[in-house]
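Report on one structure; see the data block that follows.
No lab work stands behind these numbers, since they all come straight from the coordinates. These numbers come from a predicted model, not from an experiment. Neighbour counts run over all protein chains shown; Cβ positions are idealised from the backbone, glycine included.
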Amino acid sequence: MSDRSIQKFKEYVQKLNPIDDIIFRKMAENKEFCEEILRIFLQDYQLKVLNNKSQYAITNIERRSVILDAYCELRDGRRVNIEVQNADNVNHQKRVRYYSSVLTTSLMKKGESFDNVPEVCMIYICNFDIFKENKSSYLIKRVIDGSNREVDNGLKEIYISANINDGSTLSELMGVFTKDDCYSENFPVTSKMKYDFKYVKEGNKMTDAMKELYDIFKEESKDKWIKEGRRVGKKEGRREGIKEGVINTLLMLVKDGIISVEDAAKRANISVGTFQKYLNEKM
C-alpha cells in the first residue's frame, strides 16, 4: 500500500459522511450505532436492538435478490430496514414497497398464520426532500377515505429529509450524517464512528475503521474507472477509442497505487511489457 495510494484514499474518505453508502454500511455493522439512530427515528428511547445486519441479502420467490443497507430485529419483535439515498434518481416509494414485500415474505414460514406477520418498519433516509413539503420527516399512514380513520396493517414507512433543518433532534442527527465536520455529544456513537472512518491518527497510518473501507474503495474504484473508460471509448464510437479509454483509466489506477501493472495489463488484455510502455509514455 503506497503512500500515494493512502493519501488518495484519505482524500476520498474525508469527503464522505454516514449518508454515503460506503460509510453507512460499515457503521450499520455496529449494534450501538443502530440503536442510537433508531431511537431518534422511531422516537422510542427504550428501544433495544437484538440483532443487526449490514448489506443483508434476501431473495424473493422468483429468485430476485435485494440487498438491504441495514436490517435490525428489535426486542419488541419489530423488524426494521434502513436505507440511505443520496440521489433522487429512482421511484423511491415503489422501491420501499418492493423491499418491504420481499422482507415480509422472507420472515414468514410456509403455511404460517397471517396473525404471525411481523411488524415491519421501513426507514428511508434521503439527502433531499422527497415530498417537497419542507419537513424533516414524513410518517406515512393508511386512512379510510372520507372518515380519516387510521388503519394499521403492521407496515410503517418513514421518509427522512436529511437536508432539512427544522431545529429538531432528528435534524441535529442528520447534520452529523451529512456535514463534513459536524459532530454532536448527543450522538456519541455516531460521531465517534464517523470521525474514526474519516481521519487517521498518526502520519499515513490508517485507523482500523479506514482499513476496512480500503478494500471496498479499491474494488469500487476499479469498477468505476473501467466503466468510465468504456463509456468514453463508446462515445468516440471506435473500437480503438474503447480500448484507449480503458487503458487510460487503468493507467490512472496504477498511478494512484490502486492496482498493479500486472493486474492492469490483464484487464486491458495486453502484455505487461506493452502496458509498461503506455505507462512510461504517460509518466
| What pairs in LYS109/LYS132; LYS141/LYS192; LYS31/LYS110 have C-alpha atoms more than 32 Å from each other? | LYS109/LYS132; LYS141/LYS192
| query | When the distances between all Cα atoms of the range 1-122 are binned every 5 Å from zero, what whole-number percent does each bin get? | reply | 2, 9, 17, 19, 19, 13, 9, 5, 3, 2, 1, 0
| remark: Once normalised by the length of the range 18-179, the mean sequence separation of its alpha carbon contacts under 8 Å that are 6 or more apart gives a contact order in percent of 19 percent
| Karplus (6.51, -1.76, 1.60) ³J(HN,Hα), θ = phi - 60°, over the range 8-17, in Hz, Gly and Pro reported as x | 4, 5, 4, 5, 5, 5, 5, 8, 9, 9
| message | Using amide H atoms built in the peptide plane, which far-off residues or other-chain residues are under 5 Å from CYS121 H to H? | response | ARG79, VAL80, ASN81, LYS156
| request: Tally the DSSP beta bridges in the range 18-179 and give the antiparallel ones as a percent, rounded to 5. | output: 60 percent
| Long pairs among LYS8/LYS94; LYS15/LYS135; LYS53/LYS156, criterion Cα-Cα beyond 28 Å | LYS8/LYS94
| note | Phi angles of the range 45-52, converted by Karplus (6.51 cos²θ - 1.76 cosθ + 1.60, θ = phi - 60°) into ³J(HN,Hα) in whole Hz with x for Gly and Pro, give 7, 9, 4, 10, 8, 8, 9, 9
| Which one of ASN127, TYR56, PHE114 has its Cα pushed farthest toward the positive end of the charge dipole of the range 18-179, where Lys and Arg give +1 and Asp and Glu give -1 at the Cβ? | PHE114
